[in-house]
Amino acid sequence: MHILIIEDEAELARHISRALVRSGHETTIRHDGNEGLSAALSLLPDLIVLDLGLPGLDGYTLLSELRRQGHETRVIILTARGEVEQRVKGLKAGADDYLPKPFSLDELVARIEAMGRRGATAEPGDILKIADLVMDVPHRRVSRNGKAIALSPREFEVLQVFMQEPGRIFSRTELCERVWQREHTYDTRTVEIFITRLRKKIDHARTTPLIHTMRGVGYSIRDSHPESGPSPKASAQS
């Protein structure tokens, strides 16, 4: 993969780059937000490692602008440890994952490679459909009532989990395990952010919402309101 590293700490950026190159990736480094955005738009990297506290153009603005222009490159943000609101703001702006500083380079490389593998595992012929919502898995396209819906890679993965088992209720913990492949160490509030993002793109202004919340239990996707159809099967809670 070609990975763009946007990090103003030059030494940290070099360490990240060396670790990724050792793992067989190609890297480009930028230390300024404006230069980082320009590189992201012109180089079209496979993934971006983005520090939020950048000079020139902060990471939030950079990410928001990238998404506004329709670029769905995977983005993992670097945040200060314990800064929950910073992390939430970054995810709401369109990030796919986060890693709090200080972090292990081995963990960063592992997360990046896991994100890359999940983006390349679609099986030919996989077309998933719920009501008028259609997911073309191999081509990573989603549409509702024939109208294309642009999803980030992580949004696509969350939706795919739902559409593979329509009617099933997934707890936030299970979604963390299924999508981010981490157990108990992940902030489940992240799931709420991605559900909100999906609702805005899939259910906004629709008379029939497809994504449903069961308070205290989890989330599901189905072609009926909770009161009308059969009771969905809940996943195990933890």
Would you pick out the residues in region 171-219 that are assigned to a strand (DSSP E or B), at pLDDT 90 or above and either of a type in the set (A, V, I, L, M) or in contact with a helix residue (DSSP H, G or I) (Cβ under 7 Å, 6 or more places away or on another chain) (or both)? I211, G218, Y219
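Here are V75, V88, V21: which of them is aliphatic (A, V, I, L, M), at pLDDT below 90 and outside the structural domain of S152 (by TED's automatic domain parsing)?
Working: V75 fails: at pLDDT below 90; V21 fails: at pLDDT below 90.
Residue meeting the stated conditions: V88.
Residue under question is S38, and the condition is that it be exposed (fewer than 15 other Cβ atoms within 10 Å of the Cβ) and in the same structural domain as Y98 (by TED's automatic domain parsing); does it hold? Spell out the reasoning first.
Values: exposed (fewer than 15 other Cβ atoms within 10 Å of the Cβ): yes; in the same structural domain as Y98 (by TED's automatic domain parsing): yes.
Yes.
For region 74-85: of the residues being over 15 Å from W180 (Cα atoms) and without any contact (Cβ under 8 Å) to a residue 60 or more places away in the chain, which is surrounded by the most Cβ atoms within 10 Å (Cβ to Cβ)?
Taking region 74-85 and keeping what is over 15 Å from W180 (Cα atoms), we get 78-85.
Pick out the ones that are also without any contact (Cβ under 8 Å) to a residue 60 or more places away in the chain and you get 79-83, 85.
Values: T79: 25, A80: 13, R81: 10, G82: 8, E83: 16, E85: 8.
So, considering only residues that are over 15 Å from W180 (Cα atoms) and without any contact (Cβ under 8 Å) to a residue 60 or more places away in the chain, the one surrounded by the most Cβ atoms within 10 Å (Cβ to Cβ) is T79.
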Inside region 1-24, the number of residues satisfying the requirement of being without any contact (Cβ under 8 Å) to a residue 40 or more places away in the chain and surrounded by 15 or more Cβ atoms within 10 Å (Cβ to Cβ) is 3
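Quick check on this structure: which one of V109, V88 is on the phi < 0 side of the Ramachandran plot and either free of Cβ contacts under 8 Å to residues at least 60 places away in the same chain or within 16 Å of the chain's Cα centre (by Cα) (or both)?
Details: V109 fails: either free of Cβ contacts under 8 Å to residues at least 60 places away in the same chain or within 16 Å of the chain's Cα centre (by Cα) (or both).
Every option except V88 fails the conditions.
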Being surrounded by 14 or more Cβ atoms within 10 Å (Cβ to Cβ), among the β-branched types (V, I, T) and touching a residue at least 40 places away in the same chain (Cβ under 8 Å) is the filter here; which residues of region 203-224 pass it? I211, V217, I221
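With the requirement that a residue be hydroxyl-bearing (S, T, Y) and in contact with a helix residue (DSSP H, G or I) (Cβ under 9 Å, 6 or more places away or on another chain), what does region 128-170 give you? Can you show your working first?
Initially, region 128-170 is screened for residues hydroxyl-bearing (S, T, Y), giving 143, 152.
Listed by number, the list holds a single entry, S152.
The values are calculated or read from the model by the stated rules, or taken from the named source; none is laboratory data. The structure presented is a predicted model; accordingly, all values stated were derived computationally and were not measured. Quick reminder, even Gly has a Cβ in these numbers, built from the backbone with ideal geometry, and neighbours come from all protein chains shown.
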